[in-house]
Amino acid sequence: MNRIISPKNAQKIMKGVFWASGIVTIIILLIIIGYILIKGLPVINLEFLLENPIDSGKSGGIAPMIVSTLIITFIAVFVATPIGVGAAVFIEEYTKENILVKLIRLGSETLASIPSIVFGLFGLAFFVIYLHMGWSLFSGGIVLAFMALPTILQVSEVSIIAVPRSYAEGSLALGGSKWQTIYRVILPAAVPGITTGVILGMARAMSEAAAILFVVGSALAMPLSIFDPGRPLPLHLYVLATEGISLDNAYGTAAVLVLLILIITVVTNTVVERYSKKMMGR
Amino acid sequence: MDYRIEVEDLNVYFDEAHILKDISINIKKNRVTSLIGPSGCGKSTFIRTLNRMNDLIDSFKMTGTILLDGGDIYDPKVDVVDLRKKVGMVFQKPNPFPKSIFDNVAYGLRIHGIKDKDFIEKRVEDSLKEAALWDEVKEKLDKSAMGLSGGQQQRLCIARTIAVEPEVILMDEPCSALDPISTTKIEDLIHKLKEDFTIIIVTHNMQQATRVSKYTAFFLNGEIVESGLTDKLFIEPEDKRTEDYITGRFG
Ligand SMILES: Nc1ncnc2c1ncn2[C@@H]1O[C@H](COP(=O)(O)OP(=O)(O)OP(=O)(O)O)[C@@H](O)[C@H]1O
Ligand SMILES: [Mg+2]
């Protein structure tokens, strides 16, 4: 036997390699978030969070941007979730692998790979120019819904597949209709997974600047309705940084965005975990 | 004698595979009938034709007639939902819903449109009592059914089934995933239930068949070789193959 490396050593080396990959991932994440928080947190105070910007954002706060972000995110989730979950239910429960399903999958995968700036261009052409809606958060929310849709669809599909078939059989054997079975047994069991998909899709939509660049306008004022133009956080950040208005406030804005996503994710995860525990009796 | 179910010349195919061959059997009201036979002989397929669960399988085809109280259950006019309400099913592996114990038993009532809270509560309690589970769970009705033991889960599934007051209960090896104590409890339960329900049970356990059932049918390769009174079938079987099977010489 003249192996260069013994199996035992190979095992050790590979374990080291995997361990290192994991560590590198965490370190990169920590560096990016750490850097943004270190630069951004000192800027954040109550005034920054609650007031309107002054001088295009050189000073003052980012309250309208926070509100804009919350509005478009809400619209995106509100529109994309039923469509994504509905399509997933249709694919998994109402039809077999056929041309239509292949088309839906292809469509969803293509949607996921379209560069976000192209979504932006479509939004401009369709909502602003063709429908004469002007710049509005509503249009921005719809464009973001398209971006969040593939993630929600794919994760919902996986979550629905993961629900044991025996649950559905139990319901059907009691005389449940197909829809009752889906609505009362399969979907509730798939909720934790579906929520994860919604959160992933939401995070993607929330941090998007390019897709809404041409759609939401860039108003600095507080939006008063969903049909007003607005300036979500990523867009504000982009303008602040590229037009040299205030790099400090750009970091502050970035930090607020990161924290917002973090808070929503952590809160949702906690709620979902409680729900799962209660459901599974652990 | 009254028959609850009359099966005549039943043939079942999954695509080209001929699974059940010329099955004819009558099931008596308020009696327990056991189905025995080696693995793969078609016992599950047979009872799944009785509540039309095989309809879910695309390759399923059948000929022959199955009457429930004289009515053809495969008549196009029959509502499958109504049929399954009348012919309940308990599965091999306990399959409670990931919901509370109460909601599991109330499920069938709710999907059939019953809204009266008091009525549902009463029926849930009665069903759990009848399934001999009430004392063990009455303090934790709002806890998830998934936290119960396997035996408790199976009794819950039985409670869930009897809550909608079916006429027939199909049980496909209901004890095969359970320990001996839980098995005894389920068998006691079956004795009690036969007063109100007609029960068909698939089992691989010969003793169980003799303990719980008045009638037994022996399946082999998709055919019924022999059926009749359990005592007779086990003590003086007419067919050599039955004798070989019950004495453990094959299968
Ligand atoms: N969905 C299906 N599609 C095709 N063939 C099937 C299907 N379900 C069962 N079969 C076949 O039908 C035959 C009878 O199966 P069935 O499950 O009814 O047997 P069984 O008597 O219940 O066996 P066991 O004691 O192992 O549960 C088997 O050969 C099986 O492979
Ligand atoms: Mg079987």
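The values are calculated or read from the model by the stated rules, or taken from the named source; none is laboratory data. Here the structure is a predicted model, which means the values were calculated and not measured. Glycine also receives a Cβ, built like all others from the backbone with ideal geometry; neighbour counts cover every protein chain displayed. We work out accessible area using only protein heavy atoms, side chains counted, and drop any ligands, DNA or RNA first. Shrake-Rupley method; radii C 1.70, N 1.55, O 1.52, S 1.80 Å.
With respect to B:E167, is the statement that it is farther than 23 Å from B:N205 by Cβ, touching a helix residue (DSSP H, G or I) at 6+ places or on another chain (Cβ under 6 Å) and of a type in the set (D, E, K, R) true?
yes
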### Task
Could you tell me whether any residue of region B:84-100 is free of Cβ contacts under 8 Å to residues at least 40 places away in the same chain and either facing chain A (nearest Cβ under 8 Å) or within 30 Å of B:S182 (Cβ to Cβ) (or both)?
yes
### Query
Applying the selection to region A:10-37, what residues are open to solvent by 70 Å² or more (accessible area, probe 1.4 Å) and closer than 26 Å to A:V258 by Cα?
A:V24, A:T25, A:I26, A:I27, A:I28, A:L29, A:L30, A:I31, A:I32, A:Y35
### Which numbered condition A:R184 fails, given (1) in contact with a Phe, Trp or Tyr (Cβ under 9 Å, 6 or more places away or on another chain); (2) among the basic types (K, R); (3) more than 10 Å from every other protein chain (Cβ to nearest Cβ)
(3)
### Residue identified as assigned by TED's automatic domain parsing to the domain that holds A:V143 and either on the phi > 0 side of the Ramachandran plot or free of Cβ contacts under 8 Å to residues at least 24 places away in the same chain (or both) among A:F18, A:F90, A:F74
A:F90
### Matching residues, region B:157-186, being in contact (Cβ under 8 Å) with a residue 40 or more places away in the chain, surrounded by fewer than 24 Cβ atoms within 10 Å (Cβ to Cβ) and among the charged types (D, E, K, R)
B:E167, B:D172, B:E173, B:K185
### Task
Just give me the residues in region B:28-51 being more than 16 Å from ligand 2 (Cβ to nearest atom) and surrounded by fewer than 21 Cβ atoms within 10 Å (Cβ to Cβ), in sequence order.
B:K28, B:K29, B:N30, B:R31
### Summary
Taking region B:15-27 and keeping residues in a strand (DSSP E or B) and either farther than 24 Å from B:M206 by Cα or within 11 Å of ligand 2 (Cβ to nearest atom) (or both) leaves B:A17, B:H18, B:D22
### Query
Which ones in region A:41-63 are buried (at least 22 other Cβ atoms within 10 Å of the Cβ) and assigned to a helix (DSSP H, G or I)?
A:G57
### Query
Under the condition of being under 21 Å from B:E226 (Cα atoms) and within 14 Å of chain A (Cβ to nearest Cβ), which residue from region B:9-60 is nearest to ligand 1 (Cβ to nearest atom)?
B:S44
### Summary
Inside region B:230-240, the number of residues satisfying the requirement of being assigned to a helix (DSSP H, G or I) and surrounded by fewer than 17 Cβ atoms within 10 Å (Cβ to Cβ) is 4
